[in-house]
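These notes concern the structure reproduced below.
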Amino acid sequence: MPQLADTADHAPINVQTGYWSYTARSYSDFTVQERGLEGFEQRYRQISKGTFAGRIESLIAGDLCLSRERSNRAMENEFRFPDNVMCVALPVGPNSHGTGSFGSLHPGGAIMPPAGRDNRAYLREGMDLLIVSLPVEHEIHSASIGHEYRDATFTSWLCTVLDIAREGYARDDLMRILPDLIRDHLSLLGPANGSERGSSRRDFAIFDEIVAACERLMPEDLTVSGLSARLDRSRAELRKACLALTETRLDDLLAAWRMNDVYRTLRTNPDKQSIGEIALDYGYMHAGRFSLAFREMFGMRPKDARDSI
């Protein structure tokens, strides 16, 4: 069952009793926060520019894990969780909008992504999600998987549960029935009438081609024209599919992906190459422009990213 992994940038808050436990941790590096939920395989990319800050809270009670994951930047999140877990995502706050390979994320809504496969989510104004994880229960799972819900009115109640756990006021009798209370709420949710994704199956298929091609192309070939030639599709077709799924221009997304790869390399390979050599490996020919673009994207110099490890 997913829970907090011990990977935080900053000292955690811990509250624990015999039956339930609560932990909160803050992060200044998204490559650390992406490892913060044990049981989830996550890979973040920062899409909007600026210094990253994030936080994960997690409450474990019986077979339930209730987490709240936040960041202050628009993010791409590629994630996977085990087949024996059902996971429901509930956006918190009026600005929590996003799209994904599994449907749309919007305030007051909920969605259950498929387990055992790679999913992608794009949170365009920062991330603030409640994540409910429980063992698979066939009645709820079969009725919920792949559907979007418009009236997940218990989101604020779940936030309150986390608040009282953080303050240490949660009672064991509430925590013992909490998993079943949440199951009751999930079983009452109904799919939105005529729930349709904003993008077509064709857009999703084309975007999958884009992702697969980007994994094979050299960094300097990660351009719209390069993808157009490789996939034998028009630039307009590729841009339309990307915009439909991610609500981000393909040109901007490719630039963000490439810069995120540089950041990850600086964080994970601190001594093997110079910063200039790493920048060249990713197609950045002008050191000064690269440094300015990196600082604009992440709110720090390339040297700071390496030195802060």
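The values are calculated or read from the model by the stated rules, or taken from the named source; none is laboratory data. All of these numbers come straight from a predicted model, not from anything done at the bench. So basically every Cβ, Gly included, is an ideal-geometry build from the backbone, and we count neighbours across all protein chains shown.
For this structure, a couple of remarks:
- Test: residue in the stretch 81-94 that is assigned to a loop (DSSP other than H, G, I, E, B) and among the small types (Gly, Ala, Ser): yes
- Subset of the stretch 196-248 (residues that are part of a loop (DSSP other than H, G, I, E, B), of a type outside the set (Lys, Arg) and under 28 Å from Glu125 (Cβ atoms)): Glu196, Gly198, Ser199, Ser200, Leu222, Thr223, Glu247, Thr248
- Considering the stretch 133-166, and only residues there that are among the β-branched types (Val, Ile, Thr) and under 18 Å from His97 (Cα atoms), the residue that is modelled with the highest pLDDT turns out to be Thr155.
- In the set Asp261, Asp251, Asp232, only one residue is of a type outside the set (Lys, Arg), within 20 Å of Ser48 (Cα to Cα) and loosely packed, with under 15 Cβ neighbours inside 10 Å; that residue is Asp251.
- Answer from Arg258, Arg264 - the residue that is in contact with a Pro (Cβ under 6 Å, 6 or more places away or on another chain), among the charged types (D, E, K, R) and assigned by TED's automatic domain parsing to the domain that holds Ser225: Arg258
- Which listed residue, of Ala170, Ala229, is modelled with pLDDT under 90 and assigned by TED's automatic domain parsing to the domain that holds Leu59: Ala170
- Which numbered condition Ala279 misses (of (1) among the aliphatic types (A, V, I, L, M); (2) free of Cβ contacts under 8 Å to residues at least 24 places away in the same chain; (3) closer than 28 Å to Ala121 by Cβ): (3)
- Flag if Tyr27 is modelled with pLDDT of 95 or more, in contact with a helix residue (DSSP H, G or I) (Cβ under 6 Å, 6 or more places away or on another chain), aromatic (Phe, Trp, Tyr) and on the phi < 0 side of the Ramachandran plot: yes
- When Arg35 is tested against (1) within 23 Å of Ser291 (Cα to Cα); (2) without any contact (Cβ under 8 Å) to a residue 40 or more places away in the chain, only condition (1) is not met.
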